[in-house]
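What follows is a single structure, written as structure tokens, with notes after it.
None of the figures in this text is laboratory data; all of them are computed from the coordinates on show. All figures in this text were calculated on a predicted structure; none of them were measured in a lab. Cβ atoms come from the backbone with ideal geometry, glycine included; neighbour counts cover every protein chain shown.
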Amino acid sequence: MNNQQTFYAHPTAVIDEGCVIGAGSKIWHFSHVMPGSEMGEKCILGQNVLVSPRVKLGNNVKVQNNVSIYTGVRCEDDTFLGPSMVFTNVINPRSFLERKEEFRLTLVKKGASIGANATVICGVTIGAYALIGAGAVVTKDVPDFALVVGNPARRTGWVSRYAHRLTFDEAGEAVCPESGERYKLDAGIVTLL
């Protein structure tokens, strides 16, 4: 834990020795931050959140209530984890077998959002600014700016950094209605111009 506490922790939160918590972060009721985990600046953990050992959260990560972030998960800056969404870390768990050496990396890239009650199967990468719909079950990698929904999750469109659906013209270009940012779709890859 930081030598000088520069973050807020509710009195019911459990903060273990040996974790790193960035300045301006807030940890709310009944949450548990375990040793060896790292949290950037200005993160928010809602009620009943678990941050397991070796989890890495970037800056400005927002974690809503009832989320367990297991060993093997990395979230880059500005990611959003919706209420009661689920991560896994072993592909074939059994209670009578210990498979901690088989934990798979799950990467949530910058600006991505995962909706309420979604499930992310271990070993996938969720692309930058992707939007995972509520209740989706993510079983494979998700491209940058993709909108995915369903079980299993399938791409149904593309979204801007501001989470607005993008409509591409014949030239493969789209404009975010809120920001005015321009995007290009080429060979199934969306880039910000």
Picking from Ser95, Ser52, Ser25, which residue would you name as being crowded, with 20+ Cβ neighbours inside 10 Å, within 27 Å of Gly135 (Cβ to Cβ) and not acidic (Asp, Glu)?
Ser52
Output the number of residues of region 46-83 satisfying the condition of being in contact (Cβ under 8 Å) with a residue 40 or more places away in the chain, closer than 14 Å to Ala116 by Cα and either touching a Phe, Trp or Tyr at 6+ places or on another chain (Cβ under 9 Å) or part of a strand (DSSP E or B) (or both).
1
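So that you can scan it fast, the table gives a plain yes or no per residue for (1) surrounded by 22 or more Cβ atoms within 10 Å (Cβ to Cβ); (2) within 14 Å of Cys75 (Cα to Cα); (3) of a type in the set (Asp, Glu):
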site: Arg99; (1), (2), (3): no, no, no
site: Ala116; (1), (2), (3): no, no, no
site: Cys122; (1), (2), (3): no, yes, no
site: Gly135; (1), (2), (3): no, no, no
site: Thr139; (1), (2), (3): no, no, no
site: Asp144; (1), (2), (3): no, no, yes
site: Val148; (1), (2), (3): yes, no, no
site: Arg154; (1), (2), (3): no, no, no
site: Gly157; (1), (2), (3): no, no, no
Being touching a residue at least 40 places away in the same chain (Cβ under 8 Å) and part of a loop (DSSP other than H, G, I, E, B) is the filter here; which residues of region 183-193 pass it?
Gly188
Restricting the search to region 55-98, which residues are among the acidic types (Asp, Glu) and under 12 Å from the mean Cα position of the chain (by Cα)?
Glu76, Asp77, Asp78
